[in-house]
Amino acid sequence: MADIRLEGVGHSYDGGQTWALKPTTWTWRGSRAYALLGPSGCGKTTLLNIISGLLTPTVGRIFFDDRDVTDVPTAGRNIAQVFQFPVLYEEMSVYDNLAFPLRNRKFPKAEIDRRVRQVSELLGLDPVLRRRSRRLDPGRQQIVSLGRGLVRSQVAAVLLDEPLTVVDPALKWTLRSKLKEIHRDTGHTLVYVTHDQTEALTFADEVVVLNDGAIVQTGEPAELFLSPAHEFVGHFIGSPGMNMLPAEVVGDVVRVGPAEVGQVTGDLPAGAVRIGVRPEFVRITGEPTSPGVAAQVTGVDRMGAYDLVHARVGEHPIIAKTEAGSPHRPDTAAFLHFPAERTFLFRDQVRCGSLAPLNGRSPR
Ligand SMILES: Nc1ncnc2c1ncn2[C@@H]1O[C@H](COP(=O)(O)OP(=O)(O)OP(=O)(O)O)[C@@H](O)[C@H]1O
(Lines give C-alpha, C1' and ligand atoms only; values in the text may rest on other atoms or scores of the structure.)
Protein backbone atom coordinates (compact mmCIF):
# COMPACT_ATOMS: atom_id res chain seq x y z
CA MET A 1 0.00 0.00 0.00
CA ALA A 2 2.55 2.46 -1.17
CA ASP A 3 2.31 6.18 -1.71
CA ILE A 4 2.68 6.66 -5.45
CA ARG A 5 4.45 9.90 -6.23
CA LEU A 6 4.68 11.48 -9.66
CA GLU A 7 7.36 14.12 -10.04
CA GLY A 8 6.98 16.14 -13.22
CA VAL A 9 5.65 13.07 -15.03
CA GLY A 10 4.42 13.74 -18.55
CA HIS A 11 3.94 11.81 -21.76
CA SER A 12 3.96 12.67 -25.44
CA TYR A 13 3.21 10.08 -28.14
CA ASP A 14 4.53 12.33 -30.91
CA GLY A 15 8.02 13.34 -29.84
CA GLY A 16 6.94 16.33 -27.76
CA GLN A 17 4.61 18.08 -30.21
CA THR A 18 1.55 17.42 -28.04
CA TRP A 19 1.22 16.13 -24.49
CA ALA A 20 -1.24 13.31 -23.77
CA LEU A 21 -0.28 13.94 -20.14
CA LYS A 22 1.28 17.31 -19.33
CA PRO A 23 4.13 17.23 -16.80
CA THR A 24 2.36 16.55 -13.51
CA THR A 25 3.40 16.39 -9.86
CA TRP A 26 0.98 14.52 -7.64
CA THR A 27 0.94 11.86 -4.90
CA TRP A 28 -1.59 9.04 -4.61
CA ARG A 29 -1.66 8.35 -0.86
CA GLY A 30 -1.44 4.74 0.35
CA SER A 31 -4.74 3.00 1.20
CA ARG A 32 -7.01 5.64 -0.28
CA ALA A 33 -9.65 5.00 -2.95
CA TYR A 34 -9.27 7.47 -5.80
CA ALA A 35 -11.37 8.06 -8.87
CA LEU A 36 -9.54 9.45 -11.88
CA LEU A 37 -12.31 11.28 -13.71
CA GLY A 38 -12.26 12.98 -17.09
CA PRO A 39 -13.69 12.94 -20.60
CA SER A 40 -12.59 10.62 -23.36
CA GLY A 41 -9.05 11.35 -24.58
CA CYS A 42 -7.98 13.46 -21.57
CA GLY A 43 -5.10 11.14 -20.65
CA LYS A 44 -6.54 8.80 -18.02
CA THR A 45 -5.28 5.56 -19.52
CA THR A 46 -1.91 7.13 -20.28
CA LEU A 47 -1.53 8.09 -16.62
CA LEU A 48 -2.63 4.64 -15.43
CA ASN A 49 -0.23 2.88 -17.79
CA ILE A 50 2.62 5.04 -16.51
CA ILE A 51 1.84 3.97 -12.94
CA SER A 52 1.69 0.30 -13.88
CA GLY A 53 4.84 0.47 -16.00
CA LEU A 54 3.15 -0.40 -19.31
CA LEU A 55 4.36 3.00 -20.50
CA THR A 56 7.60 4.83 -19.73
CA PRO A 57 6.93 8.56 -19.31
CA THR A 58 8.63 10.96 -21.71
CA VAL A 59 9.65 13.16 -18.74
CA GLY A 60 9.65 12.91 -14.95
CA ARG A 61 10.17 10.27 -12.31
CA ILE A 62 7.74 7.98 -10.51
CA PHE A 63 8.26 6.72 -6.96
CA PHE A 64 6.54 4.00 -4.90
CA ASP A 65 7.25 5.37 -1.42
CA ASP A 66 10.97 6.23 -1.72
CA ARG A 67 11.77 3.72 -4.46
CA ASP A 68 12.27 5.19 -7.90
CA VAL A 69 10.40 2.79 -10.21
CA THR A 70 10.53 4.86 -13.41
CA ASP A 71 12.64 2.22 -15.16
CA VAL A 72 11.19 -0.81 -13.37
CA PRO A 73 9.06 -3.01 -15.66
CA THR A 74 5.45 -3.88 -14.80
CA ALA A 75 6.35 -7.26 -13.34
CA GLY A 76 8.61 -5.63 -10.75
CA ARG A 77 6.02 -3.10 -9.55
CA ASN A 78 3.60 -5.38 -7.71
CA ILE A 79 0.53 -3.72 -9.21
CA ALA A 80 -2.84 -5.32 -9.94
CA GLN A 81 -4.58 -3.93 -13.00
CA VAL A 82 -8.13 -4.48 -14.24
CA PHE A 83 -8.94 -3.38 -17.78
CA GLN A 84 -12.14 -2.32 -19.50
CA PHE A 85 -12.67 -5.78 -21.00
CA PRO A 86 -12.15 -9.22 -19.45
CA VAL A 87 -8.62 -10.58 -19.43
CA LEU A 88 -8.91 -14.23 -18.39
CA TYR A 89 -7.59 -17.68 -19.15
CA GLU A 90 -10.72 -18.88 -20.91
CA GLU A 91 -10.07 -22.59 -20.53
CA MET A 92 -9.46 -22.31 -16.78
CA SER A 93 -12.23 -22.47 -14.22
CA VAL A 94 -13.30 -19.32 -12.43
CA TYR A 95 -11.61 -20.68 -9.28
CA ASP A 96 -8.31 -21.20 -11.09
CA ASN A 97 -8.47 -17.77 -12.69
CA LEU A 98 -8.95 -16.18 -9.28
CA ALA A 99 -6.20 -18.33 -7.76
CA PHE A 100 -3.74 -17.64 -10.58
CA PRO A 101 -2.14 -14.40 -9.28
CA LEU A 102 -1.59 -16.09 -5.88
CA ARG A 103 -0.25 -19.40 -7.24
CA ASN A 104 2.06 -17.43 -9.47
CA ARG A 105 3.53 -15.83 -6.38
CA LYS A 106 3.75 -19.17 -4.52
CA PHE A 107 1.23 -18.41 -1.79
CA PRO A 108 0.47 -21.41 0.50
CA LYS A 109 -2.49 -23.50 -0.72
CA ALA A 110 -4.67 -22.79 2.31
CA GLU A 111 -4.11 -19.06 1.98
CA ILE A 112 -4.99 -19.22 -1.72
CA ASP A 113 -8.21 -21.05 -0.96
CA ARG A 114 -9.15 -18.60 1.78
CA ARG A 115 -8.61 -15.51 -0.40
CA VAL A 116 -10.32 -17.00 -3.47
CA ARG A 117 -13.40 -17.92 -1.45
CA GLN A 118 -13.50 -14.52 0.25
CA VAL A 119 -13.38 -12.60 -3.04
CA SER A 120 -15.74 -15.04 -4.74
CA GLU A 121 -18.33 -14.64 -2.02
CA LEU A 122 -18.10 -10.85 -2.07
CA LEU A 123 -18.50 -10.70 -5.84
CA GLY A 124 -21.27 -13.31 -6.00
CA LEU A 125 -19.16 -15.83 -7.94
CA ASP A 126 -19.74 -18.85 -5.69
CA PRO A 127 -22.30 -20.49 -8.00
CA VAL A 128 -19.90 -20.41 -10.97
CA LEU A 129 -16.57 -21.13 -9.25
CA ARG A 130 -16.10 -24.47 -11.00
CA ARG A 131 -17.32 -23.32 -14.39
CA ARG A 132 -14.95 -22.62 -17.29
CA SER A 133 -14.52 -18.88 -17.78
CA ARG A 134 -15.37 -18.97 -21.46
CA ARG A 135 -18.83 -20.29 -20.59
CA LEU A 136 -19.72 -17.07 -18.73
CA ASP A 137 -21.31 -14.01 -20.31
CA PRO A 138 -18.96 -11.00 -20.79
CA GLY A 139 -20.38 -9.16 -17.76
CA ARG A 140 -19.69 -12.13 -15.48
CA GLN A 141 -16.25 -12.62 -17.05
CA GLN A 142 -15.46 -9.02 -16.18
CA ILE A 143 -16.46 -9.64 -12.58
CA VAL A 144 -13.96 -12.51 -12.53
CA SER A 145 -11.31 -10.11 -13.90
CA LEU A 146 -12.19 -7.73 -11.11
CA GLY A 147 -11.79 -10.59 -8.62
CA ARG A 148 -8.35 -11.39 -10.05
CA GLY A 149 -7.34 -7.79 -9.51
CA LEU A 150 -8.52 -7.81 -5.93
CA VAL A 151 -7.43 -11.25 -4.75
CA ARG A 152 -3.93 -10.25 -3.65
CA SER A 153 -3.95 -8.26 -0.45
CA GLN A 154 -0.30 -7.18 -0.60
CA VAL A 155 -0.05 -5.03 -3.69
CA ALA A 156 1.35 -1.53 -4.13
CA ALA A 157 -1.90 -0.49 -5.81
CA VAL A 158 -4.93 -1.75 -7.68
CA LEU A 159 -5.58 0.13 -10.92
CA LEU A 160 -9.01 -0.18 -12.50
CA ASP A 161 -9.55 1.23 -16.00
CA GLU A 162 -13.30 1.70 -16.55
CA PRO A 163 -13.82 -1.80 -15.12
CA LEU A 164 -17.61 -1.84 -15.22
CA THR A 165 -18.13 -0.83 -18.87
CA VAL A 166 -19.37 -4.25 -19.99
CA VAL A 167 -21.30 -4.98 -16.81
CA ASP A 168 -25.09 -4.75 -16.76
CA PRO A 169 -26.18 -1.31 -15.41
CA ALA A 170 -28.28 -2.87 -12.66
CA LEU A 171 -25.25 -4.80 -11.40
CA LYS A 172 -22.93 -1.78 -11.49
CA TRP A 173 -24.34 -0.29 -8.29
CA THR A 174 -23.93 -3.56 -6.44
CA LEU A 175 -20.41 -4.07 -7.69
CA ARG A 176 -19.33 -0.55 -6.79
CA SER A 177 -20.47 -1.01 -3.24
CA LYS A 178 -18.76 -4.43 -3.13
CA LEU A 179 -15.60 -2.76 -4.35
CA LYS A 180 -15.87 -0.26 -1.53
CA GLU A 181 -16.35 -3.12 0.92
CA ILE A 182 -13.28 -4.93 -0.40
CA HIS A 183 -11.34 -1.68 -0.20
CA ARG A 184 -12.31 -1.19 3.44
CA ASP A 185 -11.24 -4.76 4.12
CA THR A 186 -7.87 -4.76 2.33
CA GLY A 187 -6.87 -1.09 2.47
CA HIS A 188 -5.54 -1.23 -1.10
CA THR A 189 -4.49 1.98 -2.79
CA LEU A 190 -7.15 2.07 -5.50
CA VAL A 191 -7.18 4.19 -8.63
CA TYR A 192 -10.46 3.82 -10.49
CA VAL A 193 -10.58 5.41 -13.94
CA THR A 194 -13.93 6.57 -15.23
CA HIS A 195 -15.55 9.22 -17.39
CA ASP A 196 -18.78 8.83 -15.43
CA GLN A 197 -19.23 11.36 -12.64
CA THR A 198 -21.76 9.21 -10.76
CA GLU A 199 -19.32 6.33 -10.71
CA ALA A 200 -16.53 8.59 -9.48
CA LEU A 201 -18.54 10.43 -6.85
CA THR A 202 -20.16 7.34 -5.35
CA PHE A 203 -16.99 5.32 -5.21
CA ALA A 204 -14.06 7.48 -4.23
CA ASP A 205 -12.60 9.00 -1.07
CA GLU A 206 -11.01 11.52 -3.36
CA VAL A 207 -11.65 12.42 -6.99
CA VAL A 208 -8.86 13.57 -9.31
CA VAL A 209 -10.30 15.49 -12.25
CA LEU A 210 -8.24 15.36 -15.42
CA ASN A 211 -8.86 17.51 -18.48
CA ASP A 212 -6.75 17.93 -21.57
CA GLY A 213 -3.79 16.11 -20.01
CA ALA A 214 -3.73 18.10 -16.76
CA ILE A 215 -5.14 17.64 -13.26
CA VAL A 216 -7.54 20.56 -12.82
CA GLN A 217 -8.80 19.80 -9.30
CA THR A 218 -8.67 17.10 -6.67
CA GLY A 219 -10.97 16.74 -3.71
CA GLU A 220 -13.74 14.92 -1.96
CA PRO A 221 -16.94 14.62 -4.01
CA ALA A 222 -18.77 17.31 -2.04
CA GLU A 223 -15.87 19.74 -2.42
CA LEU A 224 -15.87 19.38 -6.20
CA PHE A 225 -19.59 19.99 -6.30
CA LEU A 226 -19.74 22.89 -3.83
CA SER A 227 -16.45 24.59 -4.55
CA PRO A 228 -15.24 24.05 -8.13
CA ALA A 229 -11.80 25.50 -8.72
CA HIS A 230 -12.02 25.35 -12.50
CA GLU A 231 -14.82 25.94 -14.99
CA PHE A 232 -14.32 22.44 -16.36
CA VAL A 233 -15.12 20.92 -12.95
CA GLY A 234 -18.24 23.08 -12.79
CA HIS A 235 -19.44 21.77 -16.17
CA PHE A 236 -18.34 18.18 -15.86
CA ILE A 237 -19.65 17.52 -12.36
CA GLY A 238 -23.30 18.12 -11.64
CA SER A 239 -26.35 17.53 -13.77
CA PRO A 240 -26.96 19.91 -15.34
CA GLY A 241 -23.52 21.49 -14.90
CA MET A 242 -22.71 24.88 -13.43
CA ASN A 243 -24.13 28.01 -15.08
CA MET A 244 -21.55 30.48 -16.35
CA LEU A 245 -22.41 34.12 -17.05
CA PRO A 246 -20.20 36.94 -18.29
CA ALA A 247 -19.80 39.62 -15.63
CA GLU A 248 -17.56 42.53 -14.78
CA VAL A 249 -15.59 43.60 -11.74
CA VAL A 250 -15.99 47.35 -11.25
CA GLY A 251 -14.16 48.56 -8.14
CA ASP A 252 -15.14 46.08 -5.46
CA VAL A 253 -18.49 45.19 -7.03
CA VAL A 254 -19.45 42.47 -9.52
CA ARG A 255 -22.00 43.36 -12.19
CA VAL A 256 -23.99 41.26 -14.61
CA GLY A 257 -25.03 43.81 -17.23
CA PRO A 258 -26.33 46.77 -15.25
CA ALA A 259 -27.20 44.73 -12.14
CA GLU A 260 -24.88 44.51 -9.15
CA VAL A 261 -24.83 40.96 -7.82
CA GLY A 262 -22.32 41.14 -4.98
CA GLN A 263 -18.99 42.38 -3.71
CA VAL A 264 -15.67 40.86 -4.63
CA THR A 265 -13.76 39.10 -1.86
CA GLY A 266 -10.03 39.88 -1.79
CA ASP A 267 -8.14 41.91 -4.35
CA LEU A 268 -9.29 41.28 -7.86
CA PRO A 269 -8.29 43.69 -10.62
CA ALA A 270 -11.17 45.30 -12.48
CA GLY A 271 -12.26 43.74 -15.77
CA ALA A 272 -14.18 40.87 -17.28
CA VAL A 273 -14.87 37.70 -15.28
CA ARG A 274 -17.35 34.87 -15.56
CA ILE A 275 -19.55 34.06 -12.63
CA GLY A 276 -20.33 30.42 -11.95
CA VAL A 277 -23.35 29.27 -9.97
CA ARG A 278 -24.91 25.82 -9.95
CA PRO A 279 -28.57 25.42 -10.98
CA GLU A 280 -29.31 24.07 -7.49
CA PHE A 281 -28.39 27.44 -5.94
CA VAL A 282 -29.94 29.91 -8.38
CA ARG A 283 -33.06 31.41 -6.80
CA ILE A 284 -35.69 32.45 -9.30
CA THR A 285 -38.74 34.58 -8.57
CA GLY A 286 -41.43 36.32 -10.57
CA GLU A 287 -40.98 39.54 -8.54
CA PRO A 288 -37.86 41.73 -8.57
CA THR A 289 -35.28 40.69 -5.97
CA SER A 290 -32.48 42.71 -4.53
CA PRO A 291 -29.78 42.03 -5.55
CA GLY A 292 -31.16 40.31 -8.60
CA VAL A 293 -30.74 40.01 -12.32
CA ALA A 294 -33.60 40.40 -14.78
CA ALA A 295 -34.18 37.34 -16.97
CA GLN A 296 -36.65 35.88 -19.41
CA VAL A 297 -37.97 32.34 -18.89
CA THR A 298 -37.58 30.26 -22.04
CA GLY A 299 -38.85 26.86 -20.93
CA VAL A 300 -39.49 24.54 -18.01
CA ASP A 301 -38.54 20.85 -17.86
CA ARG A 302 -40.81 19.05 -15.41
CA MET A 303 -38.59 16.25 -14.18
CA GLY A 304 -41.01 14.75 -11.68
CA ALA A 305 -39.00 15.22 -8.49
CA TYR A 306 -37.90 18.74 -9.50
CA ASP A 307 -38.18 21.32 -12.28
CA LEU A 308 -35.45 22.80 -14.45
CA VAL A 309 -36.38 26.36 -15.32
CA HIS A 310 -34.49 27.58 -18.38
CA ALA A 311 -34.03 31.33 -18.71
CA ARG A 312 -31.93 33.91 -20.53
CA VAL A 313 -30.03 36.84 -19.16
CA GLY A 314 -29.61 38.90 -22.32
CA GLU A 315 -28.26 36.30 -24.75
CA HIS A 316 -26.92 33.98 -22.07
CA PRO A 317 -28.76 30.82 -21.04
CA ILE A 318 -29.09 29.92 -17.38
CA ILE A 319 -30.85 27.09 -15.56
CA ALA A 320 -32.46 27.09 -12.12
CA LYS A 321 -33.31 23.81 -10.41
CA THR A 322 -36.47 24.33 -8.38
CA GLU A 323 -39.03 22.26 -6.54
CA ALA A 324 -41.50 20.41 -8.74
CA GLY A 325 -44.50 22.45 -9.81
CA SER A 326 -42.73 25.80 -10.13
CA PRO A 327 -45.07 28.61 -11.28
CA HIS A 328 -42.74 29.84 -14.06
CA ARG A 329 -43.93 29.77 -17.67
CA PRO A 330 -42.10 30.31 -20.94
CA ASP A 331 -41.96 33.91 -22.21
CA THR A 332 -42.45 35.48 -18.79
CA ALA A 333 -40.12 37.77 -16.90
CA ALA A 334 -38.21 36.46 -13.89
CA PHE A 335 -35.52 37.63 -11.49
CA LEU A 336 -32.50 35.63 -10.52
CA HIS A 337 -30.66 35.82 -7.24
CA PHE A 338 -27.20 34.32 -6.84
CA PRO A 339 -26.37 33.48 -3.20
CA ALA A 340 -22.93 34.95 -2.50
CA GLU A 341 -21.57 31.88 -0.68
CA ARG A 342 -22.37 29.62 -3.68
CA THR A 343 -21.24 31.93 -6.48
CA PHE A 344 -17.67 32.01 -7.78
CA LEU A 345 -15.66 34.16 -10.15
CA PHE A 346 -13.49 32.75 -12.94
CA ARG A 347 -10.85 34.17 -15.23
CA ASP A 348 -9.20 32.08 -17.95
CA GLN A 349 -11.34 29.20 -16.65
CA VAL A 350 -9.60 29.21 -13.26
CA ARG A 351 -11.38 30.38 -10.13
CA CYS A 352 -10.07 33.80 -9.17
CA GLY A 353 -12.47 34.89 -6.44
CA SER A 354 -15.77 34.62 -4.66
CA LEU A 355 -18.75 36.84 -4.05
CA ALA A 356 -19.68 38.49 -0.79
CA PRO A 357 -23.07 40.04 -0.03
CA LEU A 358 -23.42 43.72 -0.90
CA ASN A 359 -23.06 44.63 2.79
CA GLY A 360 -26.34 46.40 3.16
CA ARG A 361 -25.55 48.77 0.27
CA SER A 362 -28.49 49.24 -2.00
CA PRO A 363 -27.68 47.59 -5.27
CA ARG A 364 -27.91 49.62 -8.43
N1 LIG B 1 -0.62 4.69 -28.47
C2 LIG B 1 -0.95 5.94 -28.77
N3 LIG B 1 -0.38 6.57 -29.81
C4 LIG B 1 -0.70 7.86 -30.10
N5 LIG B 1 -1.57 8.61 -29.42
C6 LIG B 1 -2.19 8.02 -28.37
C7 LIG B 1 -1.91 6.67 -27.99
N8 LIG B 1 -2.67 6.37 -26.90
C9 LIG B 1 -3.37 7.48 -26.63
N10 LIG B 1 -3.09 8.48 -27.48
C11 LIG B 1 -3.65 9.84 -27.47
O12 LIG B 1 -3.34 10.42 -26.20
C13 LIG B 1 -4.44 11.16 -25.69
C14 LIG B 1 -4.87 10.59 -24.34
O15 LIG B 1 -5.34 9.27 -24.54
P16 LIG B 1 -5.81 8.32 -23.34
O17 LIG B 1 -6.17 6.99 -23.93
O18 LIG B 1 -4.78 8.34 -22.26
O19 LIG B 1 -7.11 9.08 -22.84
P20 LIG B 1 -8.32 8.54 -21.97
O21 LIG B 1 -8.71 9.67 -21.07
O22 LIG B 1 -7.96 7.27 -21.30
O23 LIG B 1 -9.43 8.30 -23.08
P24 LIG B 1 -10.57 7.15 -23.13
O25 LIG B 1 -11.49 7.42 -21.98
O26 LIG B 1 -11.22 7.41 -24.46
O27 LIG B 1 -9.88 5.83 -23.03
C28 LIG B 1 -5.53 11.08 -26.75
O29 LIG B 1 -5.45 12.23 -27.55
C30 LIG B 1 -5.17 9.84 -27.54
O31 LIG B 1 -5.60 9.94 -28.88
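Evaluate the relative contact order of the chain (contact order divided by residue number), counting alpha-carbon pairs under 8 angstrom at least 6 apart; express in whole percent. Relative contact order comes out at 15 percent. A Stokes-Einstein calculation at 10 °C with viscosity 1.306 mPa s, built on the Kirkwood radius of region 164-271 over Cα pairs, returns a diffusion coefficient of 95 µm²/s.
Rg and Dmax, both from the Cα atoms of the chain and both in Å, are 24.8, 78.
Residue separation of ASP185 and GLN17 scaled by 0.36 nm, minus their Cα-Cα distance, works out to 56.1 nm of gained length. Here the Kirkwood formula, the inverse mean of 1/r across different C-alpha pairs, assigns region 90-140 a hydrodynamic radius of 11.1 Å. Taking the centroid of alpha carbons for each part, region 206-250 and region 70-135 are 38 Å apart. The equivalent ellipsoid that matches the C-alpha gyration tensor of region 150-227 spans semi-axes of 21, 16, 13 angstrom, in descending order. Which lysines, if any, have their Cα less than 17 Å from the Cα of LYS172, not counting same-chain residues under 8 positions apart? Hits, sequence-local ones excluded: LYS180. By the equivalent-ellipsoid construction on the alpha carbon gyration tensor, region 1-104 comes out with semi-axes of 27, 17, 13 Å, ordered largest to smallest. Between ALA324 and VAL250, how high is the FRET efficiency from 1/(1 + (r/R0)^6) when r is the Cβ-Cβ distance and R₀ = 22 Å? Nearest 0.05. Calculated value: 0.05.
Stokes-Einstein, applied to the Kirkwood radius of region 217-364 over Cα pairs at a viscosity of 1.306 mPa s and 10 °C, places its translational diffusion at 103 µm² s⁻¹. Contact order normalised by length for region 210-364, with contacts defined as Cα pairs under 8 Å and 6 or more residues apart; what percent is it? The value is 24 percent.
Of all aspartates and glutamates in the structure, the ones whose alpha carbon falls short of 14 Å from that of LYS109, not counting any fewer than 8 places away in one chain, are ASP96.
Extending 7 Å from the Cα toward the beta-carbon at both ASP65 and ASP137 defines two label points whose distance is 4.4 nm. Using heavy atoms of the protein chains and a probe of 1.4 Å, the accessible area assigned to ARG103 is about 110 Å².
At q = 0.26, 0.27 Å⁻¹, work out log10 I(q)/I(0) for region 223-296 with the Debye formula, treating every Cα as an identical point scatterer and leaving solvent out; two decimals please. Treating every Cα as an identical point scatterer, log10 I(q)/I(0) equals -1.25, -1.26.
With N counted as the residues of region 1-48, its alpha-carbon radius of gyration over 2.2 N^0.38 Å works out to 1.25.
For region 176-247, relative contact order (Cα pairs under 8 Å, six or more residues apart, normalised by length) works out to 19 percent.
Please say if region 322-361 is rounded, prolate or oblate, where rounded means a/c under 1.5 for a ≥ b ≥ c the square roots of the C-alpha gyration tensor eigenvalues, and otherwise the choice is prolate for a/b larger than b/c and oblate otherwise? The shape class here is prolate.
Taken along its principal axes, the alpha carbon cloud of region 88-222 reaches lengths of 45, 29, 24 Å, longest axis first.
Largest accessible area first, the residues MET244, MET1, MET92 order themselves as MET1, MET92, MET244 under a 1.4 Å probe with ligands, DNA and RNA left out. Scaled against 2.2 N^0.38 Å for its residue count N, the alpha carbon radius of gyration of region 241-283 is 1.15.
Taking the Kirkwood radius as Rh and the Cα radius of gyration as Rg, region 207-257 has a ratio of Rg/Rh equal to 1.07. Annotation: amide H-H contacts under 5 Å for VAL253 (H modelled 1.01 Å from N, sequence separation of 5 or more, or interchain): VAL264. Between amide H atoms placed 1.01 Å from N, distances below 5 Å from TYR192 occur with TYR34, ALA35, LEU36, LEU160, all of them 5 or more places distant or on a separate chain.
Relative intensity of region 34-166 on a log10 scale, I(q)/I(0) at q = 0.13, 0.17 Å⁻¹, equals -0.60, -0.95, per a Debye sum over C-alpha point scatterers of equal strength in the absence of solvent. Full extension of the chain segment joining SER40 with ARG283 gains 84.1 nm, where the gain is 0.36 nm per residue of separation less the Cα-Cα distance. The helix-only estimate of mean residue ellipticity at 222 nm for the chain, built from DSSP H runs of length n ≥ 4 each weighted as -39500 (n - 2.57), is -7000 deg cm²/dmol after division by the residue total.
The values are calculated or read from the model by the stated rules, or taken from the named source; none is laboratory data. Computed from a predicted structure; not experimentally measured. When we count neighbours, we look across all protein chains shown, and the Cβ atoms used for this are built from the backbone with ideal geometry, even at glycine. Ligands, DNA and RNA are stripped out before the accessible areas are found, and what is left, the full protein with its side chains, is counted by its heavy atoms. Shrake-Rupley method; radii C 1.70, N 1.55, O 1.52, S 1.80 Å.
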